[in-house]
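The values are calculated or read from the model by the stated rules, or taken from the named source; none is laboratory data. Note that the coordinates shown come from a computational prediction; the quantities given were computed from them, not determined experimentally. Virtual Cβ from ideal backbone geometry, glycine too; neighbours counted across all protein chains shown. Remember, those area values only see protein heavy atoms, side chains included, never the ligands or the DNA or RNA. Shrake-Rupley method; radii C 1.70, N 1.55, O 1.52, S 1.80 Å.
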Amino acid sequence: MIIKACIFDLDGVIVDTAKYHFIAWRNIARDLGFEFTEIHNERLKGVSRMRSLEILLEVGGITLDEKTKDALAKRKNEEYLEYITKMTPDEILPGTTDFLKDLRKNGILTALGSASKNSMIILKRLNISSMFDVIIDGNKVSKAKPDPEVFLKGAEELKIPPANCIVFEDAGAGVEAAIAAGMKCIGIGNPFILSGADAVIPGFREMYFRKLNLLLQ
Ligand code: BG6
Ligand code: MG
């Protein structure tokens, strides 16, 4: 494979926002009268805000009308915003900035491919917006992961064929989306959860462009 572009998921790949999503969703569940655990939370990774709420309601065995669901999703996001608007560049996961710089140095294009409608707020807080040639977030797509739309849009805006793109993902739904887009996928995190990926690494610490080809061999 000739690598021309790298597409990064945001939550769980560049920054650990899963903990903030979790606290905010757990509070919604508590208000609805049930406990939402970190194990349940695994199912929310990579999926859209509304789909997350639907999964949460499924866990609690609760059915609600659309208006109530919209209000709950809004409330969850208000609490989530309280956390992410206080984030600092210290929260960028180890090795990420060096890896992004190394990719640029080697002429590799970079894109963000995230389901989050809050991506821009987070990137600005982390001070890394300029490190991406293209940013595709939850506001630019209509179909959530595992649909490949977010990654295909990223490749299209970069003007690079999907076969020359590598996706970095921490969620099962994201790995599925990358494969469906016809791209190679490197999982970040647990090899058991990310068994569909072409390779799995713990994170970007000590990660360089020249190591990517070795990983995909
Ligand atoms: C993904 C997260 O990146 O974004 C999901 O992994 C989240 O957990 C989704 O539900 C949507 O995020 P937001 O910020 O638009 O509510
Ligand atoms: Mg993620």
Name the residues in region 173-189 that are free of Cβ contacts under 8 Å to residues at least 60 places away in the same chain, of a type outside the set (A, V, I, L, M) and open to solvent by less than 10 Å² (accessible area, probe 1.4 Å), would you?
CYS185, GLY187
Determine which member of the set ILE188, ILE193, ILE201 is modelled with pLDDT of 95 or more, within 16 Å of ligand 1 (Cβ to nearest atom) and over 16 Å from ALA5 (Cα atoms).
ILE188
The one condition in (1) open to solvent by 30 Å² or more (accessible area, probe 1.4 Å); (2) under 23 Å from PHE151 (Cα atoms) that PHE8 fails to fulfil:
(1)
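Just to be sure I understand, how many residues within region 41-80 are within 16 Å of ligand 2 (Cβ to nearest atom), of a type outside the set (Phe, Trp, Tyr) and in a helix (DSSP H, G or I)? Give the steps one after another, and end with the answer.
Residues of region 41-80 that are within 16 Å of ligand 2 (Cβ to nearest atom), as a first pass: 41-49, 51-52, 55, 80.
Next cut, of a type outside the set (Phe, Trp, Tyr) only: 41-49, 51-52, 55.
Next, only the ones that are in a helix (DSSP H, G or I) stay: 41-44, 49, 51-52, 55.
Selection size over region 41-80: 8.
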Residues of region 71-88 satisfying the condition of being within 11 Å of ligand 1 (Cβ to nearest atom) and touching a Lys or Arg at 6+ places or on another chain (Cβ under 8 Å):
ALA73, LYS76, ASN77, ILE84
Please work out which residue is nearest to ligand 1 (Cβ to nearest atom), limiting yourself to region 124-137 and to residues that are under 18 Å from ALA5 (Cβ atoms) and in a helix (DSSP H, G or I).
SER129
Of all residues in region 15-40, how many are within 16 Å of ligand 2 (Cβ to nearest atom) and without any contact (Cβ under 8 Å) to a residue 12 or more places away in the chain?
1
Of all residues being surrounded by 14 or more Cβ atoms within 10 Å (Cβ to Cβ) and farther than 20 Å from PHE22 by Cα in region 81-97, which is nearest to ligand 2 (Cβ to nearest atom)? Just the residue, please.
THR96
Could you list all residues from region 11-24 that are hydroxyl-bearing (Ser, Thr, Tyr) and open to solvent by less than 10 Å² (accessible area, probe 1.4 Å)?
THR17
